[in-house]
Amino acid sequence: MVMAWGVALWSLATFLTPWAAETSLWALLAMRALLGVAEGVALPCMNNMVARWFPPTERARAVGIAMAGFQLGSAIGLVLSPILMSRAGILGPFVIFGLSGFLWVLVWLSAISSTPDQNPQISKYELEYVLKKRQEPLVVEKVPRNTVIPPFRRLLSKMPTWSLIVANAMHSWGFFVILSWMPIYFNSVYHVELRQAAWFSAVPWSVMAVMGYFGGLWSDGLIRSGTSITLTRKMMQSIGFIGPGIALIGLTSARSASIASAWLTLAVGLKSFSHSGFLVNLQEIAPQYSGVLHGMSNTTGTLAAIVGTVGAGFFVELVGSFQGFLLLTSVLYFMAALFHILFSTGKRVNFEETSSAE
């Protein structure tokens, strides 16, 4: 229900954005704020649902498939928006995407339940399989019912929590810098028209959707073959950060739009391995607090995305080089990878005590 309300509200905010813009600046800002507040529930809800529905050996694939929609939505939005605006004006993308969100809510409410045992459509075999394969029955219910405020101090007292916060911050920084600035980058550096630049920027997101699933498939296979969850998550996250860091360095030296697009595609494709790293790890270190942890790390990630997206503009204005900002992002990727390697774990963390021994 939380997910349904979130999608309904952000679809409404999207739908009303053009009319809000015509009314006043404050109305526009209110709609954008409503959009952000509503979207804030999406990834924590997703993580909580995955923890309830999928056993550990299938979670990376589940997250990979779910996040594929995230990337395909970015790709489709980048391609369709210029087309819709050229045919229906500025209203086009907002109306179509807003109505699509309402349609999705109807499908979601008719087909989904919060837990497998509440779903009237699940077969007896599947329900028994899920409950048997999952390490703990409905871990989300282990939080005491009288607990209203999550134990934020205890959560923040553990370094694995900070490894997730840093990883999410860097992941969001890279994601939104690339999403927001690459069309302009191709336009200003390679003189590609904005509509064509949207295609150059959309292809990497499509590749990311596919690579994310294969990363999840590989991750689950490693765990089934006996590789520890801790080592598997560190491997996936290292690929998801070091790979894009190297690829962005290559992007800065590209002499043509096609070569730059190839480097960008490689960066975004390897970045998807993060979905089998920190994104799944949220459910493993504290399944009963997976939604809370995701919300906390997402807050940091959103702030990092704001700083990165806005900072890129100021950096280019002051220094006069977007390549310099890409190199800075590469360095941050390497540092975040090292931090995650040092402090992350795939084991359950005891958040009931404040000592750091784990």
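For this structure, a couple of remarks:
- Among 126-133, 303-310, sorting by the average number of other beta carbon atoms lying within 10 angstrom of each residue, highest first, gives 303-310, 126-133.
- Taking N as the residue count of the stretch 158-343, its C-alpha radius of gyration divided by 2.2 N^0.38 Å amounts to 1.03.
- Hits among lysines - C-alpha to C-alpha of Lys158 under 27 Å, sequence gap 8 or more where chains match: Lys142, Lys234, Lys271, Lys347
- Packing around the peptides 228-234, 115-121, taken as the average count of other Cβ atoms within 10 Å per residue, puts them in this order, highest first: 228-234, 115-121.
- Whole-percent carbon and sulfur share, accessible surface of the stretch 1-56, 1.4 Å: 77 percent
- Estimated from helices alone, the mean residue ellipticity of the chain at 222 nm is -26500 deg cm²/dmol (sum of -39500 (n - 2.57) over DSSP H runs with n ≥ 4, per residue).
- The packing ranking of peptides 91-101, 53-63, highest mean first, is 53-63, 91-101, where packing means the average number of other beta carbon atoms within 10 angstrom of each residue.
- Rel. contact order, % - alpha carbon contacts under 8 angstrom, at least six apart, the stretch 212-322: 27 percent
- The value of relative contact order for the stretch 158-343, using C-alpha pairs under 8 Å at least six residues apart, is 40 percent.
- Surface accessible to a 1.4 Å probe, per residue, for the residues of the stretch 1-134, Å²: 55 Å²
- The slack in the chain from Asn350 to Leu127, taken as 0.36 nm per residue of separation less the alpha-carbon distance, amounts to 77.4 nm.
- Computed across the stretch 1-134, the Kirkwood radius stands at 16.7 Å (inverse of mean 1/r, all Cα pairs).
- Relative contact order %, the chain, counting alpha carbon pairs below 8 Å whose residues are six or more apart: 26 percent
The values are calculated or read from the model by the stated rules, or taken from the named source; none is laboratory data. This one's a predicted model, so the numbers in the text were calculated from it and none came from an experiment. Positions of Cβ are backbone-derived with ideal geometry, glycine not excepted, and every protein chain shown enters the neighbour counts. Ligands, DNA and RNA are stripped out before the accessible areas are found, and what is left, the full protein with its side chains, is counted by its heavy atoms. Shrake-Rupley method; radii C 1.70, N 1.55, O 1.52, S 1.80 Å.
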